[in-house]
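Visitor: Have a look at the structure that comes next, please.
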Amino acid sequence: MKILVSVVLIPVLTAFSGISAHAQTLTPAQVPAVTPSAGSSLKELIGRNAPLSSNRLSVALFTLKPGIAYPESYNKTAEEFFLIHEGHGTVWLEGVPHTVKAGDIVRLLAGSRHRIAAAPDSMLSFYALTAPPFQPSDYVQTGKP
């Protein structure tokens, strides 16, 4: 986990937020988790109100317990990527299911309806990278499970 933050996220910070490479490091274990719904947690690592501040992108670490799903949603203007970190599950893109596992990357253009679920036999952990940074007013739940 620390290697991912050091090797992957620090160059991202340098490229997108103007932070010099020697300025900051962060281990996700240092960030308190919030529980948006039963069986799920998220840690906002980078963003407007995150421990590593950025006005250009946000990074959040999501964890879903086995069988847990987020409802369908989309971002009005932001582009988003899911970097699958651990476990496996399914992501629906415009209603079409795709199996995902650790190491996979999912790209979501603005307006792309999507949902994600952990498999019944596996937790699912993924990083969500959003540019511009996530803001609640850009996020829309469609009401579909």
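Visitor: Rounded to the nearest 20 debye, what is the charge dipole size of segment 31-141 about its Cα centre when +1 sits on each Lys and Arg Cβ and -1 on each Asp and Glu Cβ?
Guide: Details: 9 positive and 9 negative charges, 32 e Å.
Roughly 160 debye, rounded to the nearest 20.
Visitor: Please enumerate, by chain and number, the aspartates and glutamates with C-alpha under 15 Å from the C-alpha of residue 65, excluding those fewer than 8 residues away in the same chain.
Guide: Residue 65 reaches 86, 121.
Visitor: Now for a separate question. Taking 2.2 N^0.38 Å as the expected size of a compact globular protein, what ratio does the Cα radius of gyration of segment 22-61 give against it, to two decimals?
Guide: Numbers: Rg = 10.9 Å, N = 40, 2.2 N^0.38 = 8.9 Å.
Normalised Rg, Cα atoms only: 1.22.
Visitor: Ratio to report: Rg/Rh of segment 31-141, with Cα atoms as the point set and Rh obtained by the Kirkwood method; give two decimals.
Guide: Numbers: Rg = 13.0 Å, Rh = 13.8 Å.
Using Cα coordinates only, the ratio equals 0.94.
Values quoted throughout were computed directly from the atomic coordinates according to the rules given, and no laboratory measurement underlies them. Being a predicted model, the structure only gives us computed values, none of them experimental. Positions of Cβ are backbone-derived with ideal geometry, glycine not excepted, and every protein chain shown enters the neighbour counts.
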